[in-house]
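Data block below; observations after.
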Amino acid sequence: MKRKLILCLMWCATGFAAFAQTKSNKIEFTEYTLPNGLHVILHKDNSTPNVAVSVLYHVGSKNEVKGRTGFAHFFEHLMFEGTENIERGQYMNMVQAAGGSLNANTSFDRTYYYELLPSNQLALGLWMEAERMVGAKVDEVGVETQRKVVQEEKRMRVDNQPYGTILENTFGLAYTEHPYKITPIGTFEDLNNAKIEEFRDFYKTFYVPNNATLSIAGDINIDETKKLIEQYFAKIPKGTQEIPRPKVVEPAQTEERRKIVYDNIQLPAVIQAYHIPAQGTEDHYALSMLTTLLSGGKSARMPKAIVDKQQKAVAALSIPFPTEDPGLFLTYAIANMGVDVKDLEAAVDAEIELVKKELISEREFQKLRNQMESQFVQQNSTVAGRAENLANYHVYYGDANLINNEIDRYMKVTKEDIQRVANKYLTKNNRVVLHYLPKSAQQSN
């Protein structure tokens, strides 16, 4: 009893410290919109001589049309080809020569580019992003080069990677109408069949200032940064085409869907995906806390029960995909050697049913709240993280200040809310189930 009390006091102290940090270290920022529609967010942090320059384009795979998938991810690569003033293939070299690094990523809902630079190279980062926005090379040479790059990436990371097609198969089974049914990497056929005019039209439609958020965080002077932004971005014309926003509503699923996938693997896997509301909704926060309860660390329920105690899996976790439209809550487990995939699925189901039937204890709930507070602090601990989160909050929620107070939404979630969303969404009629089996099992079947 004494040991439990000490542990509880330690968790409470940790949680209080994290919460105090979120309250005392308020992230100050300035935001405004240029006449051409470019939204700007500036956050000054002079503690280290670094700066993060980022541009979020509100375009992801869900903005693509049928038969032309993979465009947003393709442009993630193509936009590094160069511009009218940056020689082909020199984009990365210029940033690295200035002592910086860079990268980009694409999701269902957005494309995000960023540079991490010494603060005295801020102008370089702004100029390069402005160049990319106004004059990226969308020509035959670049398109053909990046077609090969993207196709090789798909072969390496998806087609020839053990368990690499999980997202492709899961989303393809879970969605029947919504564009989330195709993952961002798209298909070979669509990219191969696309004409140069289609790529150029996609660029002119989506990679425009009125569909972009410029977020800068780090060692900057706000007034001087505003002048540089005016210099590099103000003259870029606003896009002339309407930006398509899909309005497709996925029909409610009424019965379980199943699929067997034979893969180049040795250990079977079970994947379950449940339909859940979009990010930012009240139930989204409860579901996020539920996934932390199930798999937030080695002592979480799924790894502790299924991996450590029962030894039915070598890995077990849950993931709620945060998406702009209603998304998926995934559970994922890889079987231990000799464990039947049906037994593994039953073990995962048992953990879900436990949450649905029994209210979590106060001790476990306090630990969970502490974890959420700690995660919230950690994701804003770097200038790169702050730049990205400021942009995300503005684009998805219309409120960049959630970087300071979104934690309040998590803290409003009760034990009863967690149990309620488990019962509401984690039902068999609302899910798809995939069994990944070794190819050798296909021959025996």
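The values are calculated or read from the model by the stated rules, or taken from the named source; none is laboratory data. In this text the structure is predicted, and so the values were computed from the model without any measurement. Note that we place each Cβ from the backbone using ideal geometry, even for glycine, and neighbour counts take in every protein chain shown. Areas reflect the complete protein model, heavy atoms only, side chains present, ligands, DNA and RNA absent. Shrake-Rupley method; radii C 1.70, N 1.55, O 1.52, S 1.80 Å.
For the range 203-240, which residues satisfy the criterion of being open to solvent by less than 20 Å² (accessible area, probe 1.4 Å) and among the aromatic types (Phe, Trp, Tyr)?
Phe206, Tyr207, Phe233
Name the one entry in Leu214, Leu167 that is under 18 Å from His73 (Cα atoms) and of a type in the set (A, V, I, L, M, F, W, C).
Details: Leu214 fails: under 18 Å from His73 (Cα atoms).
Checking each option against the conditions leaves just Leu167.
Condition check ((1) modelled with pLDDT under 95; (2) outside any helix (DSSP H, G or I); (3) under 19 Å from Gln272 (Cα atoms)) across all residues:
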residue	(1), (2), (3)
Glu345	no, no, yes
Glu351	no, no, yes
Ile360	no, yes, no
Gln366	no, no, no
Asn370	no, no, no
Arg386	no, no, no
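Out of curiosity, is Leu116 within 26 Å of the chain's Cα centre (by Cα) and touching a residue at least 60 places away in the same chain (Cβ under 8 Å)?
On the way: within 26 Å of the chain's Cα centre (by Cα): yes; touching a residue at least 60 places away in the same chain (Cβ under 8 Å): yes.
Judged against the criteria, Leu116 is a match.
Regarding the range 285-299, can at least one residue be identified that is within 17 Å of the chain's Cα centre (by Cα), more than 23 Å from Asp343 (Cα to Cα) and assigned to a strand (DSSP E or B)?
Checked against the condition, which is being within 17 Å of the chain's Cα centre (by Cα), more than 23 Å from Asp343 (Cα to Cα) and assigned to a strand (DSSP E or B), the range 285-299 yields no hits at all.
When you scan the range 234-278, how many residues do you find that are of a type outside the set (A, V, I, L, M) and touching a strand residue (DSSP E or B) at 6+ places or on another chain (Cβ under 7 Å)? Before the answer, list the steps.
Kept after step one, since they are of a type outside the set (A, V, I, L, M), are these residues of the range 234-278: 235, 237-242, 244-247, 250-251, 253-259, 262-264, 266, 268, 272, 274-275, 277.
Cutting the leftovers down to touching a strand residue (DSSP E or B) at 6+ places or on another chain (Cβ under 7 Å) gives us 253, 256-259, 262-263, 266, 268, 272, 274-275.
Number of matching residues: 12.
Going through Asn169, Asn120 one at a time, which residue ends up being polar (S, T, N, Q), modelled with pLDDT of 90 or more, out of contact with any strand residue (DSSP E or B) (no Cβ under 8 Å at 6 or more places or on another chain) and open to solvent by 20 Å² or more (accessible area, probe 1.4 Å)?
On the way: Asn169 fails: out of contact with any strand residue (DSSP E or B) (no Cβ under 8 Å at 6 or more places or on another chain).
After ruling out the rest, the residue left standing is Asn120.
Would you be able to tell me the number of residues in the range 392-445 that are open to solvent by less than 60 Å² (accessible area, probe 1.4 Å), over 30 Å from Phe29 (Cα atoms) and part of a helix (DSSP H, G or I)?
9
Here are the criteria: (1) under 24 Å from the mean Cα position of the chain (by Cα); (2) free of Cβ contacts under 8 Å to residues at least 12 places away in the same chain. Tell me which single one His73 does not satisfy.
(2)
Any residue at all in the range 270-283 that is open to solvent by less than 40 Å² (accessible area, probe 1.4 Å), closer than 24 Å to Arg369 by Cα, in a helix (DSSP H, G or I) and of a type outside the set (Val, Ile, Thr)?
Checked against the condition, which is being open to solvent by less than 40 Å² (accessible area, probe 1.4 Å), closer than 24 Å to Arg369 by Cα, in a helix (DSSP H, G or I) and of a type outside the set (Val, Ile, Thr), the range 270-283 yields at least one hit.
Among the residues of the range 133-156, how many are in contact (Cβ under 8 Å) with a residue 24 or more places away in the chain and in a helix (DSSP H, G or I)?
Keep residues of the range 133-156 that are in contact (Cβ under 8 Å) with a residue 24 or more places away in the chain, which gives 133-143, 145-147, 149-151, 153-154.
Adding the requirement that they be in a helix (DSSP H, G or I) leaves 133-135, 140-143, 145-147, 149-151, 153-154.
The qualifying residues number 15.
Find all pairs meeting these conditions: Cβ atoms under 7 angstrom apart; at least six residues apart or on different chains; first residue within the range 161-184 and more than 18 Å from Val249 (Cα to Cα); second residue open to solvent by 20 Å² or more (accessible area, probe 1.4 Å) and of a type in the set (Lys, Arg).
Gly164/Arg157; Asn169/Lys259
Quick check: is even one residue across the range 187-201 hydroxyl-bearing (Ser, Thr, Tyr), closer than 17 Å to Lys62 by Cα, open to solvent by less than 10 Å² (accessible area, probe 1.4 Å) and in contact (Cβ under 8 Å) with a residue 12 or more places away in the chain?
Within the range 187-201, the subset hydroxyl-bearing (Ser, Thr, Tyr) is 187.
With the extra rule that they be closer than 17 Å to Lys62 by Cα, the set shrinks to 187.
So of that shortlist, the ones also open to solvent by less than 10 Å² (accessible area, probe 1.4 Å) come out as none.
No, every residue in the range 187-201 fails to be hydroxyl-bearing (Ser, Thr, Tyr), closer than 17 Å to Lys62 by Cα, open to solvent by less than 10 Å² (accessible area, probe 1.4 Å) and in contact (Cβ under 8 Å) with a residue 12 or more places away in the chain.
Pull out all pairs, ordered by first then second residue, where Cβ-Cβ is under 6 Å, the residues are six or more apart or on different chains, the first lies in the range 227-247 and is farther than 16 Å from Tyr57 by Cα, and the second is part of a helix (DSSP H, G or I) and open to solvent by 90 Å² or more (accessible area, probe 1.4 Å).
none
Suppose the filter is open to solvent by less than 10 Å² (accessible area, probe 1.4 Å), of a type outside the set (Ser, Thr, Tyr) and closer than 30 Å to Val249 by Cα; does Ala72 pass it?
Numbers: open to solvent by less than 10 Å² (accessible area, probe 1.4 Å): yes; of a type outside the set (Ser, Thr, Tyr): yes; closer than 30 Å to Val249 by Cα: yes.
In short, yes.
I'd like the full set of residues that are open to solvent by 70 Å² or more (accessible area, probe 1.4 Å) and either assigned to a loop (DSSP other than H, G, I, E, B) or farther than 22 Å from Ala72 by Cα (or both), limited to the range 84-117. Show your work before the answer.
The initial filter retains those residues of the range 84-117 that are open to solvent by 70 Å² or more (accessible area, probe 1.4 Å), namely 84-85, 87-88, 92-93, 96-97, 103.
Listed by number, the residues that qualify are Glu84, Asn85, Glu87, Arg88, Asn93, Gln96, Ala97.
Out of all the residues in the range 53-68, is one or more in a helix (DSSP H, G or I), modelled with pLDDT of 95 or more and polar (S, T, N, Q)? Lay out the reasoning, then the answer.
Step one: list which residues in the range 53-68 are in a helix (DSSP H, G or I), which gives 61-63.
Pick out the ones that are also modelled with pLDDT of 95 or more and you get 61-63.
Narrowing further to those that are polar (S, T, N, Q): 61, 63.
Yes, because at least one residue in the range 53-68 is in a helix (DSSP H, G or I), modelled with pLDDT of 95 or more and polar (S, T, N, Q).
Considering the range 69-81 alone, what residues qualify as being in a loop (DSSP other than H, G, I, E, B) and more than 19 Å from Gln121 (Cβ to Cβ)?
First pass over the range 69-81, keeping only residues in a loop (DSSP other than H, G, I, E, B): 69-70, 79-81.
Scanning the range 69-81 gives Thr69, Gly70, Met79, Glu81.
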